[in-house]
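The values are calculated or read from the model by the stated rules, or taken from the named source; none is laboratory data. What you see is a predicted model; the values in this text were computed from it and never measured. Note: ideal-geometry Cβ built from the backbone for every residue, glycine included; neighbour counts use all protein chains shown. The area values use the complete protein model at the heavy-atom level, side chains included, leaving out ligands, DNA and RNA. Shrake-Rupley method; radii C 1.70, N 1.55, O 1.52, S 1.80 Å.
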Amino acid sequence: METLAEEDTFASFRGDLNRGKAFAKKALKQIVVAATPEDKTKYKNTATKYKLLIVPESSPKAEEVIVSKECLGDLASFAIGNQCVGCEREDWRKCELRVTLQDAGIPAANDCKKDCQYRQ
């Protein structure tokens, strides 16, 4: 917060950043006073295992990649064309491709409540 407060771009809310820094320091001091020896050991171990990073929300997480909508649509079309055309699965609710397509937000090919939405 201190580094951000020094930037000219954030001059309009520099006071908020400095107050945030001051409140964080005050809270940390109170935690140190109130913490038991076991808590202090736990917090020290936690602090050595983790580091604080400020990353833009638009940055993908380590397990994520950026895929364009067009590419995602093409991948979905290929998957549906390869797996769903002529599909005769009776346990379609357990189909991993169906679950993956739904998790990815791929729109249903047909709005059917009694059959797989992607069956062709």
Would you mind calculating the relative contact order of the chain from Cα pairs under 8 angstrom and at least 6 residues apart, reporting the percent as a whole number? 16
May I ask you to list the chymotrypsin sites (Phe, Trp or Tyr not before Pro) in segment 27-81 that are in a DSSP loop and have at most 15 other Cβ atoms within 10 Å of their Cβ? Tyr50
Per GNM of the chain with C-alpha springs under 10 angstrom, the most fluctuating residue out of Leu97, Leu72, Leu17 is Leu17
At 1.4 Å probe size, with no ligands or nucleic acids counted, give the accessible surface of Ile54 in Å², nearest ten. 150
Pull up the cross-link candidates among the lysines for Lys42, meaning alpha carbon to alpha carbon under 22 Å and not fewer than 8 places away within one chain. Lys25, Lys26, Lys29, Lys51
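Which FRET efficiency, nearest 0.05, do Lys21 and Thr100 yield, Cβ-Cβ r, R0 35 Å? Kindly include the intermediate steps, with their values, before the conclusion.
Values: r = 44 Å, r/R0 = 1.25.
Given R0 = 35 Å and the Cβ-Cβ separation, E is 0.20.
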Estimated 222 nm signal from helices in the chain, with DSSP H stretches of n ≥ 4 weighted -39500 (n - 2.57), rounded to 500: -16000 deg cm²/dmol
For the chain, take the longest principal axis of its alpha carbons; what is the angle in degrees between that and the long axis of helix 14-34, to the nearest 10 within 0 to 90? 80
For the chain, the percent of accessible surface on carbon and sulfur atoms (probe 1.4 angstrom, ligands and nucleic acids excluded) is 56
Cα long-axis angle, helix 69-83 against the chain (0 to 90 degrees, to the nearest 10): 40
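Compute the length gained on full extension between Asn110 and Tyr43: take 0.36 nm times their separation in residues and subtract their Cα-Cα distance, giving the result in nm to one decimal. Kindly include the intermediate steps, with their values, before the conclusion.
On the way: separation 67, 0.36 × 67 = 24.12 nm, distance 5.25 nm.
Here the answer is 18.9 nm.
Evaluated at 4 °C with a viscosity of 1.567 mPa s, what Stokes-Einstein diffusion coefficient in µm²/s does the chain have when Rh comes from the Kirkwood expression over alpha-carbon pairs? Intermediate values should be presented prior to the final figure.
On the way: Rh = 20.0 Å.
The diffusion coefficient I find is 65 µm²/s.
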In degrees, nearest 10, the alpha-carbon axis of helix 37-49 is tilted away from the dominant principal axis of the alpha carbons of the chain by 60
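What longest range of the chain stays clear of loop-exposed trypsin sites (Lys or Arg not before Pro) (DSSP non-H/G/I/E/B, at most 12 other C-beta within 10 angstrom)?
Details: sites that count: Lys51, Lys61, Lys113, Lys114.
With trypsin sites (Lys or Arg not before Pro) excluded where exposed in loops, the chain gives 62-112 as its longest stretch.
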How many Å² of accessible area per residue for the chain, probe 1.4 Å? 87
